[in-house]
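Take a look at this one; I'll ask things after.
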Amino acid sequence: MKINLLGLAVVIILWVSCGETKNTEKQEESQTNSAEVIDGTIEPEAKLGYAIGDIAVDFLLKNTNDEMVSLASFPEASGYIVIFTCNQCPYSVAYEDRIIDLDKKYKALGYPVIAINPNDPEAEGGEGDDFESMKARAQEKGFTFPYLFDANQEIYPIYGATKTPHVFVLQNSEKGRVVKYIGGIDDSAREPEEVKEKYLENAINDLLAGKDIEMPETKALGCSIKTKD
């Protein structure tokens, strides 16, 4: 009888342990495969770091005019040119006029620019990227597009941005906002007169023509995103 009781106890312990392991694995899998977009918009199962063809989540971030802006704020848009950029990076500064021109050209064609500053202003190298400095920069340059602050640094990891500037072109579809292009703006960051390949413009022109993008991915050249972690 003692042997049987001992065996029964071992079976019960193993059964309970197995159940706890499975529950833990399910919880970890759920945490890995889901993400929340904070500041009001929550979409489950958000992949961290997009690839071409993925469905991008929306966001709700503060603009330099103190209004909250999301992709849904542009209901008539065919898509979006989401650019992670900032105040201080020399690459971002060199591209500012070109980004303004891109917005002026493609907003009327259904692809507005939405700029997002992902930097932590308290991190090393992030000085000058605080919200008040963003406001001053947007006014000084006459930005024609929203310049949003990813204050909690929760949006750029979902998109997979690693540089400033880093571009993600999204196209609206029945499935959602499909990622169509990831990468850089062109092939000459600091010398606009030396540009030979306008990667971003070529991608949008292909979309407008109803064609597959010839170069859907290019290398983003810029500064690393500043974080305290």
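The values are calculated or read from the model by the stated rules, or taken from the named source; none is laboratory data. Given the structure is predicted, the values throughout are model-derived calculations rather than measurements. Cβ: placed from backbone, ideal geometry, glycine included. Neighbour counts: every protein chain shown.
If you scan the range 215-229, which residues turn out to be in a loop (DSSP other than H, G, I, E, B) and farther than 19 Å from Ser78 by Cβ?
Met215, Thr218, Lys219, Ala220, Leu221, Gly222, Ile225, Lys226, Thr227, Lys228, Asp229
I've got another one for you. Out of the residues in the range 66-106 meeting the condition of being in contact (Cβ under 8 Å) with a residue 12 or more places away in the chain and acidic (Asp, Glu), tell me which one is nearest to Phe168 (Cα to Cα).
Among those that are in contact (Cβ under 8 Å) with a residue 12 or more places away in the chain and acidic (Asp, Glu), it is Asp103.
Of the numbered conditions (1) in contact with a helix residue (DSSP H, G or I) (Cβ under 6 Å, 6 or more places away or on another chain); (2) of a type in the set (Gly, Ala, Ser); (3) closer than 25 Å to Ala72 by Cβ, Ser173 fails exactly one; give the number of that condition.
Unmet condition: (1).
Within the range 173-214, can you find the residues that are outside any loop (DSSP other than H, G, I, E, B) and among the hydroxyl-bearing types (Ser, Thr, Tyr)?
Ser173, Tyr181, Tyr199
Restricting attention to the range 127-148, report how many residues are surrounded by fewer than 22 Cβ atoms within 10 Å (Cβ to Cβ) and within 19 Å of Val69 (Cβ to Cβ).
14
What number of residues in the range 46-65 are surrounded by 16 or more Cβ atoms within 10 Å (Cβ to Cβ), touching a residue at least 40 places away in the same chain (Cβ under 8 Å), part of a loop (DSSP other than H, G, I, E, B) and under 15 Å from the mean Cα position of the chain (by Cα)?
7
Which condition does Cys86 not pass, out of (1) modelled with pLDDT of 95 or more; (2) more than 15 Å from His166 (Cβ to Cβ), if it passes all the others?
Among (1) modelled with pLDDT of 95 or more; (2) more than 15 Å from His166 (Cβ to Cβ), Cys86 violates only (2).
Regarding Lys135, is this residue part of a helix (DSSP H, G or I) and more than 24 Å from Glu76 (Cβ to Cβ)?
In short, yes.
Of the residues Lys198, Lys228, which is in contact with an Asp or Glu (Cβ under 8 Å, 6 or more places away or on another chain), closer than 19 Å to Arg98 by Cα and among the basic types (Lys, Arg)?
Going through Lys198, Lys228 in turn, the sole match is Lys198.
Note down all Cβ pairs under 7 Å where the first residue falls in the range 123-150 and is assigned by TED's automatic domain parsing to the domain that holds Lys107, the second is of a type in the set (Ser, Thr, Tyr), and they're at least six residues apart or on different chains.
Cβ pairs passing all conditions: Ala123/Thr227; Met134/Thr64; Met134/Tyr147; Lys135/Thr64; Ala138/Thr64; Ala138/Tyr147; Tyr147/Thr64; Asp150/Tyr156.
A follow-up question, please. Does Ser173 satisfy the condition of being hydroxyl-bearing (Ser, Thr, Tyr), touching a residue at least 24 places away in the same chain (Cβ under 8 Å) and surrounded by fewer than 14 Cβ atoms within 10 Å (Cβ to Cβ)?
No; evaluated as a whole, the condition is false for this residue.
Can you tell me which residue among Asp150, Asp206, Asp212 is among the charged types (D, E, K, R), closer than 21 Å to Asp54 by Cβ and within 19 Å of the chain's Cα centre (by Cα)?
Just a single option satisfies the conditions, and that option is Asp150.
For residues in the range 178-229 being within 16 Å of Gly160 (Cβ to Cβ) and without any contact (Cβ under 8 Å) to a residue 40 or more places away in the chain, which is surrounded by the most Cβ atoms within 10 Å (Cβ to Cβ)?
So, considering only residues that are within 16 Å of Gly160 (Cβ to Cβ) and without any contact (Cβ under 8 Å) to a residue 40 or more places away in the chain, the one surrounded by the most Cβ atoms within 10 Å (Cβ to Cβ) is Gly184.
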